[in-house]
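The values are calculated or read from the model by the stated rules, or taken from the named source; none is laboratory data. These numbers were taken from a predicted model, which means no experiment stands behind them. When we count neighbours, we look across all protein chains shown, and the Cβ atoms used for this are built from the backbone with ideal geometry, even at glycine. Ligands, DNA and RNA are stripped out before the accessible areas are found, and what is left, the full protein with its side chains, is counted by its heavy atoms. Shrake-Rupley method; radii C 1.70, N 1.55, O 1.52, S 1.80 Å.
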Amino acid sequence: MLGLNGTPFQPDTLQLTGIPGMQTGQAWVALVFCILYLISIAGNLSILALVVLEPALHQPMYYFLSMLSLNDLGVSFSTLPTVLATFCFNYRHVGFDACLVQMFFIHTFSFMESGILLAMSFDRFVAICDPLHYATVLTNSCILAMGLGILAKSFTTLLPFPFLVKRLPFCKGNVLHHSYCLHPDLMKVACGDVHVNNIYGLFVVIFTYGIDSTFILLSYALILRAVLAIASQEQRLKALNTCISHICAVLAFYVPIIAVSMIHRFWKSAPPVVHVMMSNVYLFVPPMLNPIIYSVKTKEIRRGILKACYKS
């Protein structure tokens, strides 16, 4: 894409893509996305309402859960405008600056989710390994500080991304490969020196996903050691059962990320539809699954839902 003087420039708009190779059946895809959004938004709003309104849920574990639900709402609302415009209204254009803003928020909320899952693993670690000091360690001020720390870390590490992209010229067209804006996707149509973007992107991934996942694994290694030291098998199972929901949430978040990374690394010749579908799984499945996981596996959440249904 060249300007009047033959030099590359930034386009006013970028063109989004639905599902590559799917010329028909867009209405069914739109219906699927609408259902995913409906489940995700309704489920996470219900979790937030339960935690706020139910006094029995005013505990650290559920405060962290409410952070996770709030963050999942952020993920859903970040992608919703362009996804619905692409599949429901066949409007595939997004302004360049609006695309940068969407990219920033999608990545920020994704990295925040990793930090929240780490905080939740710390909550389970303290609850099982040092239960006598649980209330004194995880005070309301401590939880608030952890939440603000996660927000500040994600915001500051992702803030340079829009400016790093903004400095680049775009000479490889303006067609993106998704129905939303992602940094790797923008790098495919940018030209000039993108080494800074790629190196900083790798640094951010290691600094967030790498460190967070390492500490999550470490916390569960310590939890497992503490659980195995419990004499009663019934008490061991009871302690492990309190971690099941969090383990499922961690797997729902990290397995798609690992799968996307493996495909990009070892299956570069994969059809475009594979990359697009895996990216969709990575962004849409965790916000939808988390409320379901905690509603099914957490007795207090189930009790709150039944109580709310009974009142209505």
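Worth a mention:
- Residue ID - most open to solvent (accessible area, probe 1.4 Å), chosen from residues in segment 117-168 that are part of a loop (DSSP other than H, G, I, E, B) and over 18 Å from HIS58 (Cα atoms): ARG167
- Any hit, segment 257-270, residues being open to solvent by less than 20 Å² (accessible area, probe 1.4 Å) and either out of contact with any helix residue (DSSP H, G or I) (no Cβ under 9 Å at 6 or more places or on another chain) or modelled with pLDDT of 90 or more (or both): no
- Selected residue (criterion: farthest from THR156 (Cα to Cα)) from residues of segment 187-205 that are open to solvent by 20 Å² or more (accessible area, probe 1.4 Å) and part of a loop (DSSP other than H, G, I, E, B): GLY192
- Looking only at residues in segment 61-84 that are at pLDDT 95 or above and open to solvent by 20 Å² or more (accessible area, probe 1.4 Å), the one that is farthest from GLU300 (Cα to Cα) is PHE77.
- So ALA229, is it open to solvent by 70 Å² or more (accessible area, probe 1.4 Å) and either aliphatic (A, V, I, L, M) or at pLDDT 90 or above (or both): yes
- Elements of type helices (runs of 4 or more DSSP H) in segment 206-312, at least 2 residues being among the β-branched types (Val, Ile, Thr): 211-228, 244-266, 272-297, 299-311
- Cβ separations smaller than 7 Å between residues 6+ apart or across chains give the following pairs from segment 109-124 residues that are over 20 Å from LEU158 (Cα atoms) to residues that are among the aromatic types (Phe, Trp, Tyr): MET120/PHE64; SER121/TYR220; ASP123/PHE64.
- If the condition is being open to solvent by less than 50 Å² (accessible area, probe 1.4 Å) and outside any loop (DSSP other than H, G, I, E, B), then segment 169-186 contributes PHE170, HIS183, ASP185, LEU186.
- Of all the criteria given as (1) within 18 Å of the chain's Cα centre (by Cα); (2) touching a residue at least 12 places away in the same chain (Cβ under 8 Å); (3) open to solvent by 60 Å² or more (accessible area, probe 1.4 Å), the one not satisfied by SER245 is (3).
- Members of segment 85-111 found to be surrounded by fewer than 22 Cβ atoms within 10 Å (Cβ to Cβ), out of contact with any helix residue (DSSP H, G or I) (no Cβ under 8 Å at 6 or more places or on another chain) and not hydrophobic (A, V, I, L, M, F, W, C), listed by number: HIS93, GLY95, ASP97
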